[in-house]
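The structure appears below as structure tokens.
The values are calculated or read from the model by the stated rules, or taken from the named source; none is laboratory data. As the structure is a computational prediction, the values presented were derived from the model and not from experiment. Cβ placement follows ideal geometry from the backbone for every residue including glycine, while neighbour counts extend to all protein chains displayed. Only protein heavy atoms, including side chains, enter the accessible area calculation; ligands, DNA and RNA are left aside. Shrake-Rupley method; radii C 1.70, N 1.55, O 1.52, S 1.80 Å.
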Amino acid sequence: MSYEEWCRVRLTEAKVLAYLRNVVKHQHPAQYEDKICLVKRDYDLVYKAYSPKMARQLSDEMKTPTPIYDIAISEEDTERYGRYARLLRRKQHEYSVEQQKFSEMIEDADIKSWLDGFVLHDEENEEDIMLNDLQKHDINLVLQKRYALLQWEQGCGKTLAGIAIGRYRMEQQNAFCTFVVSSAISIKNTWDVMLPNFGVRYVMVNKLADLDKVQCGDFVLITLNKLGKYRKQVKRWVRIHNQNIALCFDESDEMTNPSSLRTKSVLDCFRRCRFKLEMTGTSTRNNISEFAPQLELAYNNSFNMISWCNTIYHYDRASKKDGVEEGLHVYGNPYYGQPIPAYHKGYNLFADSHLPEKITVFGVGQRTQDIYNADELDNILSRFVITRTLEEISGRDIKRIHQVPVRFTESERAVYTKAIEEFHVMRGNYFASTGNSRKDSMMRLIQQITLLLRISAAPNTIREYDGGLPTKIAKVIEMLQSMSGEIVAIGVRHKVVVDAYAKAIREIMPDRPLFVVTGSTTTLAKRRALRKTLKESKNGILLCTQQSLPSSVSFEYVDKVIIPELHYNNSRMSQFYMRFIRFTSKRMKDIYFVTYLGSIESNQMQMVLAKEKINMFMRGKDTDLDEIYNRFGVDYNLLSALMSREMDENGKFHIRWGEQEIA
């Protein structure tokens, strides 16, 4: 054939695709039916026409989808929804159960009978462990729901409650197994120790092959690090088992950062599982927005997580172009009456609904710290969170907090003043340049604050310091000498500060046993073994970083705790000092905060107290700062000792002294 004819009849890509498209399009010839039916989509119900003729008969009202959450939260009769009536009745029942306030619920008789017979045998101490009446009451209410957060203070027996709830879910509610997710120190120092001691079957997930060992009725232990590593495989395993598992997330405040890998992993694997229990001593550390991921894990952005806030709040920067004034602005809530959306859109909505401006070391008192839409937030807490303090569980208050202020010496004042006025001279000795002048400029104030905090913790760790033993370390040594016949714990935040205190203690009290614990030098097994060694010493000193003992290792026989270096919130510090205040403790415990007057530690303490007000609200206790001052033993005018950040005439930020006297 001619070339022109060949070009006309030859196969081309377009001809092949057109042929295949036609085959696929007509493989199922349309079979129209003259009917209109109600069909369920992912999140709503809508009327669907099965022929062009019936499509013309659909009214605008029929074309409008009805969200399932609208029906679930209402009390309307579901019979008009035909084959979906039973599904909608079940969702309405689930909503009514989850919306009950714990304060208005009564104990279930069958659950009470089961809990009365719940006994664990402690093989190590050869005794039977049983729940007390208050623990049984709270667990009874939790078991009546599918989702709850048990906010018991450290030492109240959360692990024991987790075992009881997990067993009930598996034995009475047919959950296949119970996944226990927590930090490595909690899993390895508590769950991996207590479960074999109580004779409870469990599987520790150290490698993927361990998932194949899981049998019905097992507890499955997995650390947050392993969950991040095996996220895809665990998610698939849970899906294969039809989500019919019970999740026990111990120390759930570990997922306060929504951008972290551990938060994303927990949500990805367990957001759809059948039963969810979260346990923590404090659900928030710094601000209310940290509570949003825990709420999302429990309710999975369903009809149990409706946004009922009419207004949202946002701090806007001044903009001449848009005519916006700097300050707090009020907006209408675009998601009112709808489930809070997932991920960052939902976190931002939750923050704008309830979050005051974040509390910083500088700027205390510049903006209000009130909680917005407090009634709506309190309604969420009343049906989702059960809060108990150690005093409520044990029936007695055995904790006293003391403030021990000390003053700078001339040498300490000199190096502290130099860090404020001549930071540019000292900066190169402690902080490396990023290679970007703009980033270095942005980091300047943060680095200056960090250096001031280090000087306040241990001035002798600074090169420019030329004095003798710092006042604070000398005061701690003096306190240790007055407690010569007791075991004492000292908790700081940085290893360099640990070294400074260890050197001073060894020089001044060489005969007194000193045990140094840091996360990088002491394994979890050694930290467990230290319990016995420290107790046998009779007057030993436990010097450690606060983060090395945040949970799961208890030293209930220690009665004196000294904290010479503050954290940014009391939640972190309480996780440390509550290691020594347990449910079984019988003697009074004394906690000492040693701080420099007229230093940045005054700002830090004020920030801790302001954050504690928010944390107290999250625990169901609305209180003011005066009550918190009394509880923390703050009896001096802290505000007069604060420092502030100001801008000079050249537009540069610098630190200004407050009204404090440094002498």
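What the table below lists for this structure:
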quantity	calculated
Structure-derived log10 I(q)/I(0) by the Debye sum over Cα atoms at q = 0.05, 0.08, 0.10 Å⁻¹: which label, when the choices are [x] -0.52, -0.79, -0.97; [y] -0.31, -0.73, -1.05; [z] -0.30, -0.76, -1.16	[y]
Simple spin-label estimate for Val496 and Gln57 in nanometres, 7 Å along Cα-Cβ	8.1
Cleavage-rule hits (trypsin sites (Lys or Arg not before Pro)) in region 490-581: DSSP loop, at most 10 neighbouring Cβ within 10 angstrom	Lys538
Neighbour cut-off at most 15 other Cβ (10 Å), DSSP loop, GluC sites (Glu not before Pro), region 1-56	Glu33
Degrees between helix 133-143 axis and first principal axis of the chain (Cα, 0 to 90, nearest 10)	30
Beta bridge orientation in the chain: antiparallel %, DSSP, nearest 5	30
Nearest 10 degrees, 0 to 90: helix 231-240 Cα axis against the chain principal axis	50
Peptide ranges 37-45, 600-608, 20-28, 54-62 listed from the most packed, as the mean C-beta count within 10 angstrom indicates	600-608, 37-45, 54-62, 20-28
Accessible area per residue in Å² at 1.4 Å probe, computed on region 363-450	53
Relative packing of 382-388, 159-165, which averages over residues the other C-beta atoms within 10 Å, highest first	159-165, 382-388
Cα-centred dipole magnitude for the chain, charges only on beta-carbon of K, R (+1) and D, E (-1), debye, nearest 20	2620
Under 30 Å from Lys48, Cα to Cα: lysines that are on another chain or at least 8 residues apart	Lys25, Lys35, Lys40, Lys63, Lys91
Added length on full extension, which subtracts the Cα-Cα distance from 0.36 nm per residue, Glu478 to Lys345	42.6 nm
Residues Thr311 and Ala209, FRET efficiency given R0 of 41 Å [Cβ-Cβ distance, rounded to 0.05]	0.20
Of the chymotrypsin sites (Phe, Trp or Tyr not before Pro) in region 535-573, those whose Cβ has at most 16 other Cβ within 10 Å and which sit in DSSP loop	Tyr557
Residue-count net charge about Glu98 - beta-carbon cut-off 9 Å; Lys, Arg +1, Asp, Glu -1	+2
Length gained when the stretch Ser260-Glu33 is fully extended (0.36 nm per residue, less Cα-Cα span)	76.6 nm
Members of Lys495/Lys526; Lys145/Lys188; Lys472/Lys611 lying beyond 22 Å, as alpha-carbon distances in this model show	Lys145/Lys188; Lys472/Lys611
Accessible surface, per residue, of region 88-140 when the full set of protein chains is kept, probe 1.4 Å, Å²	61
With every protein chain in place, the chain: carbon and sulfur % of accessible area (1.4 Å)	48
Considering only region 189-347, percent of DSSP beta bridges that pair antiparallel, nearest 5	50
Extended-chain gain in nm, criterion 0.36 nm per residue less alpha-carbon gap, Glu79 and Asp375	103.1 nm
